[in-house]
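Everything below concerns the one structure shown next.
Each value in this text was obtained by applying a stated rule to the coordinates, not by laboratory testing. Everything numeric in this text was worked out from a predicted model, so none of it was measured. Virtual Cβ from ideal backbone geometry, glycine too; neighbours counted across all protein chains shown.
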Amino acid sequence: MKGTRAALRYAKATLNLAKEKGFAKEVNDDMILIQSTIEENHDLEVMLKSPVIKSGPKLAVLTQVFEKKINGITMGLLNLLIENKRLPILNLVAKEYVVIYDFLKGVEVAQITSAVPLTKELEAEILRKIKESVGKEISMNNVIDPSIIGGFIIRIGDKLYDSSVSSRLNNLLSQFEDNHYISKI
């Protein structure tokens with residue numbers, strides 16, 4: 001993905017500065033806020049990536065949206081990205097920061113793919129079950145993919161648990177095909 005290496009460099013530098021100043025947790029919270037705000041606001045994402053809109057209006061919007069909610073280190077990162085004309089990768093920087101921070105804290109990230117958004121109760125129950133089975137602190141990332149029809153897919157590191165309806169249907173189809181093939185022999 002374009003900008004991933006640069007985003008990783010910005011995230012590492014920001015984390016190093018935040019650790020040095022003692023604000024790594026606060027900046028992590030800021031990055032989670034920035035990431036969710038951008039992902040929930042398509043217009044904001046389009047504005048950040050637009051080459052037509054100048055840096056001044058972009059900074060004004062970001063300042064208005066985040067100024068009272070984020071740490072000075074995070075605001076410095078926004079200014080640096082604007083100065084270096086790298087604002088389109090802000091969401092990637094935020095994602096990379098959270099991943100690096102979680103890794104340093106020993107937190108595993110569980111990606112849960114579902115056909116519809118999970119309710120808070122179901123999310124809490126899944127998180128509790130995963131924590132029990134893994135034995136580590138877990139953070140969750142819910143991805144919506146209607147093509148799985150129902151159920152969910154959980155990926156933690158290199159482990160995958162697929163309980164999706166589409167997967168079960170595909171398994172059933174392959175069993176029918178295998179049996180049909182055997183009956184012809």
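Would you list which lysines come within 28 Å of residue 159, measuring only between C-alpha atoms, while excluding same-chain residues fewer than 8 positions from it?
Within reach: 2, 12, 25, 95, 105, 120, 129, 131, 136.
Relative to a virtual label point 7 Å from the Cα of residue 59 in the Cα→beta-carbon direction, which members of the range 71-112 show backbone nitrogen distances below 18 Å?
What the label zone holds, given the 18 Å backbone N cut-off, is 71-90.
As a test, work out the antiparallel percent of DSSP beta bridges whose residues both lie in the range 107-184, rounded to the nearest 5.
55
Just to confirm the filter: which trypsin sites (Lys or Arg not before Pro) across the range 2-42 are DSSP coil and have at most 16 other Cβ within 10 angstrom of their Cβ?
2
Exposure proxy check: 32, 154 ranked by fewest other beta carbons within 10 Å?
Result, fewest neighbours first: 32, 154.
What do you get for Rg/Rh of the range 61-185 when both radii come from the Cα atoms and Rh is the Kirkwood radius?
Ratio value, two decimals: 1.16.
Multiplying the sequence separation of residue 139 and residue 9 by 0.36 nm and subtracting their Cα-Cα distance, what value in nm do you get?
44.5 nm
Which value in deg cm²/dmol, rounded to the nearest 500, describes the helix-derived mean residue ellipticity at 222 nm for the chain, given -39,500 (n - 2.57) per DSSP H run of n ≥ 4 and division by the residue count?
Result for the chain, helices only: -21000 deg cm²/dmol.
In terms of Cα to Cα distance under 16 Å, which lysines are near enough to residue 54, apart from those fewer than 8 places away along the same chain?
Within the straight-line cut-off, residue 54 pairs with 85.
Using packing as a proxy for protection, rank 85-91, 137-143 so that the peptide with the highest average count of other Cβ atoms within 10 Å comes first.
Top to bottom by mean Cβ count within 10 Å: 85-91, 137-143.
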